[in-house]
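Below you'll find the structure, written out as structure tokens, and then a few comments.
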Amino acid sequence: MISAPSYTNQDWQLGYDSLLTEYDYWIEDVEGQIPLDLKGTLFRNGPGRLERGGSPYRHPFDGDGMITRISFIEGKAHFSNRYIQTPEFQEEEKVDRILYRNAFGTQKPGGWWNNIFDLKIKNPVNVQAIYHGGKLLALWDGDLPYRLDPYTLATQGKETFGEKLKLGQPFTPHPRLDPKTGTLMAFGVEAGLNSILHLYEIDAHGNLHTKKDYPIPGFAFLHDFLWTPHYKVFFQNPLSFNPLPFMLGLQTPGMCFHSDLNSPTRILILDDQGEAITIDTHSGFAFHHVNGFEQTDPDTQEPHLILDSVVYESYPSFDGKTDYRLVDFATVPPGKLRRFRINLAQKTVESSILLDRSVEFPAIHPGYVGSEHRYVYLATVHQGSGSAPLQGITKLDTHTHQSQIHSFAPFGFVGEPIFVPSGSEEDEGWLLSLVFDAEKRRSKVVILSAQSMQPIAQLLLKTHVPYGFHGSFTSEVFLDPE
Ligand code: CO
């Protein structure tokens, strides 16, 4: 049976319009009731501007980073958005022209002659925003974090953690917070023909400690990782990288790597003694991992690692020639939630698919990071197992394998869900997500009950917010001092 699509491409594309104005207001258009005990701040990051001087950026990963902040207090919510004022952004604002090469799809105008041997890439600071150790940090893989004032969202500059990191040093947008110690585990990878992995730990007071560096043979595209109390786990996706077209000004770095389907994915496991083991599994590509935990097999007593990840068959490569908004979803590999079971004694791995629906942006209860989780929340397609825009939020019970979806189709397009705990049960809490409503051409902040997967409140914003990437929640309330 072929069913009608749950969306139109025209509706979906509207979510990639830029939002150039910065706002501050209390959200008045509320359907339902904001829970009185929902207190804190949701920070989100993503591209706010997707064109410059009339030229559209060729990939949303190149869009200029804009922080969206929603502050919840006493049953009310306040919205603010601010661009991250990097020197490169300010220069381009001044002349309203693209002055820099970008990592994924966008070159400087003027063809290869204008790009050759210019190896400087603009940091769009558009992937993630976290509040940790008294610092609000905006993150992008290839550079230091930018520090922002959490009250005013003013850009304060690059964060070197007291010069422990050098300018330009990479820093993952997916650090993992140890819920027991409050230490933030992070890394940065200098990817090249051979790569170097830097390991960082930031204590609850915001002090960074560096750990031993690891050389990784070959090109390593590491966006995310998994942390358990005794291990850090990285998936080295099988990509081949030829930097020559980039150096010659012909292509961006993102166009220079391609999936090598004949090679395995290499799982790199570092233990807390500094020992490393690698285990190969079938070829695939993972941007995001859900969670990992340690388990002793009850029969053999052998130590295992259980890892849940979103895996694509291959890297979604692009040539920069076609408009990303005109993508044919039938040609895009779907992301599948996969569970890897690693036997650390035998150095073997097996894996299986947990949910036969295309998914992205996984989330769990933050108190379960590094220990056994039961529930996973994901942005998912509305129906079927193929690729499509994300229109629903799905809850998967990994014990019963039952799933529940709340869909916003046909006009709603969802962003990453973020779990905010409200009680002692693992699924007792709220899921916060920004959903673009193409019919109204505005976005809404949706608060779902994670137990029932039904909306508790939907907060309609005054404008749309372009599709973003990641965000985080802190129980501290930040509002602009009036
Ligand atoms: Co990510």
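The values are calculated or read from the model by the stated rules, or taken from the named source; none is laboratory data. The shown structure was predicted, so the numbers you read here are calculated from the model rather than taken from an experiment. Heads up, the Cβs are rebuilt from the backbone with ideal geometry, glycines too, and the neighbour counts pull from every protein chain shown. Surface areas here come from the heavy atoms of the whole protein model, side chains and all, with no ligands, DNA or RNA. Shrake-Rupley method; radii C 1.70, N 1.55, O 1.52, S 1.80 Å.
Report the net charge of residues surrounding residue 402, where surrounding means a beta-carbon distance below 12 angstrom and charges are Lys +1, Arg +1, Asp -1, Glu -1.
Summing Lys/Arg as +1 and Asp/Glu as -1 gives +1.
Express in Å², to the nearest 10, the accessible area of residue 131 obtained by rolling a 1.4 Å probe over the protein heavy atoms while all chains stay in place.
50 Å²
Of all the accessible heavy-atom surface of region 6-140, with the other protein chains kept in place and a 1.4 Å probe, what percent is carbon and sulfur?
Using a 1.4 Å probe with all protein chains present, region 6-140 comes out at 50 percent carbon and sulfur.
Identify the trypsin sites (Lys or Arg not before Pro) of region 300-341 meeting these criteria: DSSP loop state and at most 12 other C-beta atoms within 10 Å of the C-beta.
321
Just the accessible area for residue 472, please: 1.4 Å probe, Å², rounded to the nearest 10?
Counting only protein heavy atoms, residue 472 exposes about 20 Å² to solvent.
Please enumerate, by chain and number, the lysines with C-alpha under 23 Å from the C-alpha of residue 76, excluding those fewer than 8 residues away in the same chain.
39, 440, 444, 462
Using the eigenvalues of the Cα gyration tensor, what equivalent ellipsoid semi-axes result for region 76-153 when each is taken as the square root of five times the eigenvalue, whole Å, largest first?
One finds semi-axes of 29, 14, 10 Å for region 76-153.
Which of the peptides 288-301, 424-437 is most tightly packed, and how do the rest follow, judged by the mean count of other Cβ atoms within 10 Å per residue?
Descending mean neighbour count gives 424-437, 288-301.
Could I get the Rg over Rh figure for region 36-131? Both from C-alpha atoms, Rh via Kirkwood, rounded to two places.
1.11
If you bin every alpha carbon distance in region 224-378 into 10 Å steps from zero, what whole percent lands in each bin?
For region 224-378, the pair-distance distribution reads 10, 35, 33, 16, 5, 1.
Could you check how many percent of all C-alpha pairs in the chain are farther apart than 44 Å?
That tail contains 8 percent of the Cα-Cα pairs.
To make sure I understand the rule: partners must be lysines, Cα under 25 Å from the Cα of residue 166, and not fewer than 8 residues away in the same chain. Which ones qualify?
The qualifying lysines are 120, 122, 135, 158, 211, 212, 232.
For the chain, what does the accessible surface come to per residue with a 1.4 Å probe? Please give it in Å².
On a per-residue basis, the chain sits at 42 Å².
Which value, in Å to one decimal place, does the Kirkwood hydrodynamic radius take for region 355-477 when every pair of different Cα atoms is included?
Its Kirkwood hydrodynamic radius stands at 14.6 Å.
Counting other Cβ atoms within 10 Å, which GluC sites (Glu not before Pro) in region 71-103 have at most 11 and lie in a DSSP loop?
For GluC sites (Glu not before Pro) across region 71-103 that sit outside H, G, I, E and B with at most 11 neighbouring Cβ atoms in 10 Å, the list reads 74.
With Cβ to Cβ distances under 14 Å as the rule, what net charge do the other residues near residue 459 carry (K, R +1; D, E -1)?
Computed value for this residue: +3.
For region 125-191, I need the span (max minus min coordinate) of the C-alpha atoms along each principal axis, in Å, sorted largest to smallest.
Per principal axis, max minus min of the Cα coordinates gives 34, 31, 23 Å.
Once you list every other residue whose beta carbon is under 12 Å from the beta carbon of residue 141, what net charge do they have if Lys and Arg are +1 and Asp and Glu are -1?
That sum, taken over residues with Cβ under 12 Å, equals -3.
Kindly provide the pair-distance distribution of region 379-442 built from C-alpha pairs, with 10 Å bins from 0 and whole-percent values in order of increasing distance.
Histogram of Cα-Cα distances, whole percents per bin: 21, 45, 28, 6.
Could you tell me the accessible area of residue 178 in Å² (1.4 Å probe, neighbours in place), rounded to the nearest ten?
Number for this one is 20 Å².
If the viscosity is 1.002 mPa s and the temperature 20 °C, what translational diffusion coefficient in µm²/s does Stokes-Einstein give for region 288-340 when Rh comes from Kirkwood over Cα pairs?
153 µm²/s
Quick check on region 309-426: take the gyration tensor over C-alpha atoms, sort the square-rooted eigenvalues as a ≥ b ≥ c, and tell me if it's rounded (a/c under 1.5), prolate or oblate.
Taking the square roots of the gyration eigenvalues as a ≥ b ≥ c, region 309-426 is oblate.
Got a number for carbon plus sulfur as a percent of region 211-287's accessible area, 1.4 Å probe?
Roughly 56 percent, rounded to a whole number.
Using only DSSP helix segments of four residues or longer, with each worth -39500 (n - 2.57), what per-residue ellipticity at 222 nm results for the chain after dividing by its residue count and rounding to 500?
-1000 deg cm²/dmol
Which loop-located GluC sites (Glu not before Pro) does region 140-232 contain, where loop means any DSSP state but H, G, I, E or B and the Cβ has at most 14 other Cβ atoms within 10 Å?
Filter output for region 140-232: 163.
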